[in-house]
1. I'd like the mean, over residues of A:43-54, of how many other protein chain beta carbons sit within 10 Å of each residue's own Cβ.
2. Given a 10 angstrom Cα cut-off, can you work out which residue in B:Ala76, B:Ala94, B:Ala61 is the most mobile in a GNM of chain B?
3. Would you compute, for the Cα atoms of the protein assembly as shown, the largest minus smallest coordinate along each principal axis and list the three values in descending order, in whole Å?
4. Return the whole-Å distance between the Cα centroid of segment B:101-145 and the Cα centroid of segment A:283-315.
5. Roughly what would the spin-label model give for A:Phe194 and A:Ala71, points 7 Å off Cα along C-beta, in nm?
6. Taking the simple approach of a point 7 Å from Cα along Cα-to-Cβ for both A:Arg143 and A:Glu235, what is their distance in nm?
7. Rounded, prolate or oblate for segment A:109-259? Axes are the square roots of the Cα gyration tensor eigenvalues, ordered a ≥ b ≥ c, and the cut-off for rounded is a/c under 1.5.
8. What Kirkwood radius, in Å to one decimal, follows from the Cα pairs of chain B?
Amino acid sequence: MAESPPPLQRDPARPGHLLAAGDWTLAEAERLQAALSGAGPAEALDARGIGGFDASGAMLLWRLCRRLELADDALQLREEHRPLFTTVCGICRNPPREIRRDWGLRALLGRIGWTVQDNAREIVALLGFGGQVLLTALRVAPRPRRWRLTSTVAHMEAVGLDAVPLVALLSFMIGTVVAFLGAQVLVDFGATIFVVELVGIAFLRELGVLLTAVLLAGRTASAFTAQIGAMQSGEEIDAIRTLGLDPIEVLVLPRLLALVLMLPLLAFLAMLAGIAGGMVVGAAMLGIAPEMFIARFHETMELRHFLTGIAKAPVFAVVIALIGCLEGLQVQGTAQSVGERTTSSVVQTIALVILINAFFAIWFMEMGW
Amino acid sequence: MSGAEPAIAVRGLVNAFGAQVVHQGLDLDVRRGEVLGVVGGSGSGKSVLMRSILGLRRPQAGTVRVFGVDALSRDAADRRAIERQTGVLFQGGALFSSLSVLENIAVPLQEQLDLDPELVHALCWMKMRLAGLPGDAGHKLPAQLSGGMRKRAGLARALALDPPLLLLDEPTAGLDPVGAAGFDALLRSLKQALGLTVFLITHDLDTLYATCDRVAVLGEGRVLACAPLGEVEDLDHPWVQQYFHGPRGRAARREV
């Protein structure tokens, strides 16, 4: 391509006159801006030499005129460029209001305040939502025709049955790890047989149900949020309301019920798998035959360990279902909002599950259970 | 680039989804500087045609040339050349929901060119006003805009690179009549001021009568007719007759 003429130069014939030439387009914007910033004072501008001309070029030309403080009739323009230049001028005469952004200490304090307020609101919303769901459940309970059995069973399959391989495998692996850890300490005392109690108590009281709850917080709470969130952004929830249905009854109760029924079952499975993991390590590495493992288990294990463990399962189920559904209902229309809410629901459920588990542990210990 | 070359030239286009054939040897020219309206029943392949022109969909056969460049080329330089010369408004606006209106308009400028941030801001603001948005809309997120404003913001983003060719997919669908009429007027004034070539898919007869130089009717996998409105109206084809001479068609024509 041949070297294009300079976009702006002084007219050798007429002093005080500028000549514009070449393409004044977005592609040339960088070169144009460099040339314009060097333009000295002038009283007239002849822009008839301009070839390609687009809206960006028009804006740059307008800026040049403003900086040179040219009178309206001091600009000569080709007729075909006139409409575009007039349009752009009309726009550029009303410049935007600058929005000041504050990045200082005040903004920091402000953001902390907003975040605290958001968190407080979240807690209130969760408590309120829990009450609302409870009321709806009480209202629906005496009317079996309004129980949504199909939906509940479908969710039971999705949150329960489909999670069996994952829960069983991961609990088994953690069981083997706990047994290994215990054996490393206990072997010094010649007391490797206590691995049975270690694995048994750990899984019956804590790990079985906790692992299940954490896994389902990641797997199910996120799914609930995404499902309901997508429905919310597609205005399906609004449609449900206008059809005279209650979204809590239609969407939340079946999910809650499914999880309350399935989480204890999965927790029981996790206990079995974890203890099986311990048994395999015992047989393979520590010289504890499976028969001996089971006999020792019968001798030392008490029912209360199992009961305190499994009693926590429905509580975790309620927490996971409530947060998952509530976050989904709070989605506001955009894809980004669905993502944010899903993240928030997983983080909240895992944090709450671990927190509640700690309270349970202290309480059970104080009660001597 | 010779001036005689059409802005878009489609030859022998074949598009099929499994057994369902959408286009069967479709030919279409969009001349420079014209507004071509594309109409056709639902499922006649209007959007598929646009996606083929944009290179978003690979047709089973046929060629598409945009300003003489092969739109189906896999060469990155060819692709870039076409992307720089075309602006697209998708049906829903397709604004990036996490960015404000001004940031949305700035995306193509920042990606394709290396400009001073102050200039980018000024250009984006100008494009936003050009598309008929008020000045305070710039810092709003797409979710805070009405349907009509979202379309205008989408149009502003399509105009960001000052493309000579604009492809619009049902720009007035979902707008109230006043908003749609405003959009038609905007399109006319932009076309006049910027000298745009416009490929316009629409169901809206009012838009058709208000803006288009020529109309292409899609059907039976090909272009049934491509001519000025007056000629297309008289085409002897059941769908065309129903479309233009049904109650809605008559009403739209009366206004002109």
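1. Counting Cβ atoms of other protein chains within 10 Å of each residue's Cβ and averaging gives 1.
2. B:Ala76
3. Each principal axis gives a Cα extent; for the protein assembly as shown these are 110, 65, 48 Å.
4. 65
5. Distance between the two pseudo-spin positions: 10.3 nm.
6. Result: 2.8 nm between the two label points.
7. Working: a/c = 2.82, a/b = 1.81, b/c = 1.56.
Cα axes put segment A:109-259 in the prolate bin.
8. Working: mean 1/r = 0.0530 Å⁻¹.
So the Kirkwood estimate lands at 18.9 Å.
Every number in this text was worked out from the coordinates using simple rules, so none of it is lab data. This is a predicted model, so every value here is computed, not measured. No Cβ is skipped: glycine too gets one built from the backbone with ideal geometry, and neighbour counts run over all protein chains shown.
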